[in-house]
Every structure is written in structure tokens, then in C-alpha cells.
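Down below is the structure, laid out as C-alpha cells.
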Amino acid sequence: NKTDLVTEADLARIEARLRGINAFAPIRRCSRGDVSVDSVLNIHGFDLQRALQTNPQLLNPENAPTQHDKTVTSVSLDQGAPRHMRTVQKGDLDFELATDFLEYIAESQGEDIYRMKGVLAVAHSQQKYIYHAVHMTFSGGFEEAWQPGEPRESKMVFIGKGLDEQFLASTFNNCLATPENLTRKASTLRFKPGDAVECRTTGFDAEEGERWAAGTVVEVLHRADDMAPGEVAPYRVRLEDGSELTVLTDEGSEIVGANSHGDEEDGEEAGEGCEAQAAPQQQQQFRVQVPDGVHAGQAFPATVGGGHLIFQITVPPGHGPGSWLTVTAPVEATGGARAGGGAEGSGAAAAGNSAEGTHARTTHQAASEGEADHEADEASKRHKA
């Protein structure tokens with residue numbers, strides 16, 4: 001399989017090795033598993049007498065037993081399993097939450113995940129989302145349609161080392177498109193209905209630059225029929241001219257608080273040649289994952305916002321290893337251009353957070369502290385030497 005991904009020389013080398021293992025097995029080249037059923041079923045592939053010719057000790061009870069790695073297991077999450085065997089709840093999945101879950105598994109446990117595959121029933125999609133992954137190589141997409149009368153049930157299979165079935169099942173349930181999960185997802189957005197905002201309405205124009213328009217958020221988690229399968233936009237905004245705009249990402253490059261866009265440009269011009277110019281306060285939202293071994297009431301450091309801030313986050317009640325936490329931080333950055341040339345990154349950052357006990361500091365400060373610790377360690381080593 002996957003013969004489209006390698007060269008003809010690789011195929012010849014692999015087939016020669018396979019024939020050295022089993023000279024009798026037919027070899028069929030294919031891609032994406034496209035083979036006829038007749039090629040794999042009822043082909044009488046195993047013949048005892050032929051197997052004994054290859055390995056005369058096959059039936060010898062004195063042979064050493066095969067050794068298996070007990071840390072390698074498999075976990076199946078099947079909404080269609082009998083109730084007494086089912087570890088997950090039924091219902092369609094929110095596409096963004098589900099793909100975030102799969103990306104997290106691939107990135108954080110990819111080395112130990114030998115295989116990951118599944119068929120997902122996604123809200124706002126008449127097609128099945130089919131995916132598979134080997135370690136950190138992931139492939140997935142919306143493919144065949146759900147047939148009339150066919151149960152919309154998701155199935156996930158994980159094969160790897162150190163799999164935590166309880167964590168996988170609970171995280172799957174947190175990805176369901178239930179009112180509770182969607183309310184929690186909406187609470188992570190930077191704006192809510194009624195907030196005044198500015199939205200980017202066009203791309204960059206060489207003469208006029210980017211075009212922005214003021215408006216009001218009228219809906220969060222907006223879905224329209226002309227959107228892609230499973231897609232849900234963070235915002236629907238009514239602009240001042242009465243038209244409406246769907247904002248597809250909750251990013252500062254697409255939507256900001258009212259007057260923030262213009263203030264940023266004015267601030268850049270006013271800050272030229274000045275001692276220091278205060279920038280407007282902005283809300284920033286980050287999503288972080290609680291690492292293994294950290295439970296409710298314990299704190300852990302997390303670098304977020306592209307490395308701009310380092311938060312010390314205290315895990316709130318009801319959360320633990322693997323939980324997603326949303327950090328909404330009003331960040332006020334001071335500093336900027338200094339007359340005569342100042343040290344880059346001379347500003348400071350302060351942040352408040354929805355997670356209790358969260359603090360922030362600039363990465364510049366963290367780097368300075370880290371350098372001081374490193375110098376102290378090196379001095380200690382020299383002293384011991």
C-alpha cells in the first residue's frame with residue numbers, strides 16, 4: 001500500500017525483501033488501500049504443510065514463546081459499542097474541538113503512537129471525516145456521505161505505548177457538540193454578542209493598505225449553509241453600513257476591539273522619536289494543555305502567545321492532566337521606540353487571567369533570569385573544579 005509515495009527502486013527493494021520472507025504470498029501494489037475484496041478474502045493463504053516446509057519447528061511445543069511488549073496496547077472509542085462496553089457518549093463532534101484533540105495527541109505522544117485511525121460524525125456535515133496517522137504523520141478529510149438510515153456514530157482506534165484510555169475517552173466527550181461544550185468553547189472567544197469591534201474587510205492593497213470596518217458582534221459560533229463541512233465561524237458581525245460579515249478566525253489580524261486598529265497605527269506614528277509610548281490595552285486569548293502529573297490546585301509554566309508571555313498557571317478545580325485551559329489575558333505593553341536607540345524589548349507586560357492564580361512576565365525577563373541562573377551554575381562548576 002501507499003506505493004504512490006515511493007520510487008520504483010524502493011518498490012523493487014521492498015518486494016525482494018518480502019519474497020525472502022514468504023515466497024508464496026502474492027504481492028499487489030496499491031495506494032489508499034484500493035484493492036478488490038477478492039484479493040484478500042478466501043485466498044487460502046495459510047497452508048499447514050507448506051508452513052512446515054518453511055519452518056519445521058513451527059509446531060514444536062519446546063520452542064521459546066513469543067515475547068510481547070506489554071506497554072503496547074490499543075484503545076477503541078466506539079459510539080456504536082454495546083452500552084456496557086461503551087466508554088464514550090453518543091452525538092456529533094464539534095470539528096474544531098475534535099481536530100484540536102487529534103493534533104494534540106499527534107504532537108505530544110506522536111513518538112509512542114504507532115497508528116491512529118477513525119471515522120468521525122461531525123456536526124454540520126453530511127460526510128464522514130476519515131483520518132489515519134502514523135506517529136506524527138496525519139492525513140484526514142471529509143469523504144463518503146452518511147447513508148440514509150445509517151447511524152451517525154464515531155469510531156476511533158489508537159495503537160501505541162502508554163495509552164491512557166480514561167483520558168482519551170474523557171477528552172473525546174469534551175469534543176462533542178453538546179450545549180455545555182459549545183458554551184465552554186464560546187467562553188474562550190475574545191468577544192461576545194453586543195461588543196463593538198473592527199474587522200478586516202479586504203486583503204492588503206498597495207495604495208490603501210488593509211481596509212477595516214467598524215461593527216458589532218451579533219452572533220458567536222456562527223454557522224451558514226455555504227460554509228465548508230463542519231466549519232463554524234467564531235463571529236458574525238453587523239457592520240455600520242448594515243451589511244454582515246462572517247469572521248472565520250478569532251485572530252487579531254482579522255478582528256480587534258473597537259478603535260484598537262486605528263489606535264495601533266496612530267501609536268506607531270506618535271511613538272517615533274519619543275522616550276516611551278504606551279500602547280492600548282488588548283485582550284489576548286490562549287489555549288494551553290495541562291501536562292501529565294499536574295492536577296487541580298497545582299501550578300505549571302506555559303509559554304503562550306507565540307512565546308511573548310510566560311504564564312504560571314494554577315489548574316482550577318475539575319481539571320487535571322490533559323485538560324485544555326483557556327487563558328484570557330488583558331495585556332498592556334509599554335515601551336517602544338527610544339530616542340537615541342534603546343535596548344530592544346525594554347518594555348514590560350502585565351496580565352490578568354481567567355484561571356485563578358495566573359501570573360505573567362515577559363520572555364525578555366525570563367531570558368534574563370535564565371541567563372543569570374546559567375551563569376551561577378557555571379560559576380559553581382568552576383568553583384568545584
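Table for the structure above
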{"read-out": "Selection from the range 40-83 of residues that are surrounded by 11 or more Cβ atoms within 10 Å (Cβ to Cβ), modelled with pLDDT under 80 and either touching a His at 6+ places or on another chain (Cβ under 6 Å) or under 30 Å from D4 (Cβ atoms) (or both)", "value": "G45"}
{"read-out": "Meets criteria (among the charged types (D, E, K, R) and open to solvent by less than 80 Å² (accessible area, probe 1.4 Å)) for D10", "value": "yes"}
{"read-out": "Among the candidates L97, L102, residue that is in contact with a Lys or Arg (Cβ under 7 Å, 6 or more places away or on another chain), open to solvent by less than 80 Å² (accessible area, probe 1.4 Å) and among the hydrophobic types (A, V, I, L, M, F, W, C)", "value": "L97"}
{"read-out": "Residues satisfying the stated conditions in the range 139-175, i.e. under 13 Å from Q109 (Cα atoms), open to solvent by 30 Å² or more (accessible area, probe 1.4 Å) and either assigned to a strand (DSSP E or B) or modelled with pLDDT of 95 or more (or both)", "value": "I159, K161"}
{"read-out": "Residue list for the range 114-126, restricted to those being within 21 Å of M227 (Cα to Cα) and open to solvent by 60 Å² or more (accessible area, probe 1.4 Å)", "value": "H124, Q126"}
{"read-out": "Hey, A276 at pLDDT below 80, of a type in the set (A, V, I, L, M), in contact with a Pro (Cβ under 6 Å, 6 or more places away or on another chain) and open to solvent by 50 Å² or more (accessible area, probe 1.4 Å) or not", "value": "no"}
{"read-out": "Residue list for the range 13-39, restricted to those being loosely packed, with under 10 Cβ neighbours inside 10 Å and assigned to a helix (DSSP H, G or I)", "value": "A16, R17, G20, I21, V37, D38"}
{"read-out": "Residue that is of a type outside the set (S, T, N, Q) and more than 27 Å from G118 (Cα to Cα), where the choices are R238, R184", "value": "R238"}
{"read-out": "Evaluation of I310 against (1) modelled with pLDDT of 90 or more; (2) surrounded by 13 or more Cβ atoms within 10 Å (Cβ to Cβ); (3) under 23 Å from the mean Cα position of the chain (by Cα) (one fails), failing number", "value": "(1)"}
{"read-out": "Test result for T183, part of a helix (DSSP H, G or I) and either on the phi > 0 side of the Ramachandran plot or without any contact (Cβ under 8 Å) to a residue 12 or more places away in the chain (or both)", "value": "yes"}
{"read-out": "Flag if S170 is farther than 16 Å from Q89 by Cα and among the polar types (S, T, N, Q)", "value": "no"}
{"read-out": "Among (1) open to solvent by 90 Å² or more (accessible area, probe 1.4 Å); (2) in contact with a strand residue (DSSP E or B) (Cβ under 9 Å, 6 or more places away or on another chain); (3) farther than 18 Å from A169 by Cβ; (4) free of Cβ contacts under 8 Å to residues at least 24 places away in the same chain, the one test that E111 misses", "value": "(4)"}
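The values are calculated or read from the model by the stated rules, or taken from the named source; none is laboratory data. If you're wondering where the values come from, they're calculated on a predicted model, not measured in any experiment. Ideal geometry is used to build each Cβ from the backbone, glycine not excepted, and the neighbour counts take in all protein chains shown. Only protein heavy atoms, including side chains, enter the accessible area calculation; ligands, DNA and RNA are left aside. Shrake-Rupley method; radii C 1.70, N 1.55, O 1.52, S 1.80 Å.
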